[in-house]
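K.L.:
Mind having a look at this structure? Questions to follow.
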Amino acid sequence: MGCHLVILACNTASAKALRTIQMNDLPNIDPDRRVLGVIRPTAECIGSMTQTRHVGILATAGTIKSESYPLEVHKLFEDIKVSGEACPMWVPLVENNEASGEGADFFIRKYIDNLLAKDRQIDTLVLPDTIAQDTKIHSPRSESGGTGRICGYQSERLPSPSSRNGHEVHSGR
């Protein structure tokens with residue numbers, strides 16, 4: 001009777017609450033039930049996608065601050081460098097139905113540029129579902145994994161602060 005498996009399909013909830021729910025709450029409520037997050041499944045996909053072993057995470061400030069992605073990725077792939085960029089405007093854009101607007105385009109470009117300024121060798125991006133579902137980032141390949149969309153790029157195709165030669169980032173319309 002009831003639900004025996006719950007998936008926290010949110011990076012921030014997975015980063016901030018998952019362990020507490022699993023370790024403290026479930027044993028007291030019903031030890032036979034399970035709660036899973038989305039960060040670990042995403043981390044499991046990353047190793048096969050990156051060629052340079054440099055990965056970028058675009059997420060809410062809470063997810064980035066938690067450092068959950070670097071921790072989970074490094075448990076599986078010690079050699080991968082993970083860089084993150086907090087994207088505080090994403091939630092308000094999505095909540096106000098502006099994820100497909102020009103404002104979203106501006107902030108997506110800005111956050112990608114900021115991330116690439118930290119590490120120019122990034123060839124793989126992890127995007128949260130809230131943006132990935134309404135955003136088209138042109139890339140040679142993309143896969144859905146764990147959460148959001150993981151887009152693998154040839155590094156010369158990624159936008160940079162100085163040049164976006166032929167590489168577009170725009171909202172789906």
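K.L.:
Among the residues that make up region 76-83, is at least one of them at pLDDT 90 or above, farther than 22 Å from residue 51 by Cβ and touching a Phe, Trp or Tyr at 6+ places or on another chain (Cβ under 9 Å)?
P.N.:
Within region 76-83 (the criterion being at pLDDT 90 or above, farther than 22 Å from residue 51 by Cβ and touching a Phe, Trp or Tyr at 6+ places or on another chain (Cβ under 9 Å)), the answer is no, since none of the residues qualifies.
K.L.:
Another question, if that's okay. Is region 42-51 home to any residue that is among the β-branched types (Val, Ile, Thr), touching a strand residue (DSSP E or B) at 6+ places or on another chain (Cβ under 7 Å) and more than 18 Å from residue 119 (Cα to Cα)?
P.N.:
Looking for residues that are among the β-branched types (Val, Ile, Thr), touching a strand residue (DSSP E or B) at 6+ places or on another chain (Cβ under 7 Å) and more than 18 Å from residue 119 (Cα to Cα), one finds at least one in region 42-51, hence yes.
K.L.:
Moving on to the next point. In region 8-26, what residues are loosely packed, with under 13 Cβ neighbours inside 10 Å and over 15 Å from residue 62 (Cβ atoms)?
P.N.:
23, 24
K.L.:
Give me the pairs, please: first residue somewhere in region 35-52 and in contact (Cβ under 8 Å) with a residue 40 or more places away in the chain, second residue anywhere and acidic (Asp, Glu) and buried (at least 19 other Cβ atoms within 10 Å of the Cβ), beta-carbon distance under 7 Å, and either six or more positions apart or on two chains.
P.N.:
Sorted first by the residue in region 35-52, then by its partner, the pairs are 39/72; 40/72; 43/72; 50/123; 51/123; 52/123.
K.L.:
Taking residue 62 and the conditions (1) of a type outside the set (A, V, I, L, M); (2) within 14 Å of the chain's Cα centre (by Cα); (3) surrounded by 20 or more Cβ atoms within 10 Å (Cβ to Cβ), which numbered condition does it fall short on, given that it satisfies the others?
P.N.:
Here residue 62 clears every test but (3).
K.L.:
Condition first: assigned to a helix (DSSP H, G or I) and among the charged types (D, E, K, R). Now tell me which residues in region 47-97 satisfy that.
P.N.:
65, 72, 75, 95
Listed here are the residues, each with its yes/no results for (1) in contact with a His (Cβ under 9 Å, 6 or more places away or on another chain); (2) aromatic (Phe, Trp, Tyr).
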{"residue": "16", "(1), (2)": "no, no"}
{"residue": "27", "(1), (2)": "no, no"}
{"residue": "34", "(1), (2)": "yes, no"}
{"residue": "37", "(1), (2)": "no, no"}
{"residue": "50", "(1), (2)": "no, no"}
{"residue": "59", "(1), (2)": "no, no"}
{"residue": "69", "(1), (2)": "no, yes"}
{"residue": "73", "(1), (2)": "no, no"}
{"residue": "89", "(1), (2)": "no, no"}
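K.L.:
Taking the condition among the hydrophobic types (A, V, I, L, M, F, W, C) and assigned to a loop (DSSP other than H, G, I, E, B), does residue 9 pass?
P.N.:
Criteria met by residue 9.
The values are calculated or read from the model by the stated rules, or taken from the named source; none is laboratory data. Please read these numbers as outputs of a predicted model, since none were measured by experiment. So basically every Cβ, Gly included, is an ideal-geometry build from the backbone, and we count neighbours across all protein chains shown.
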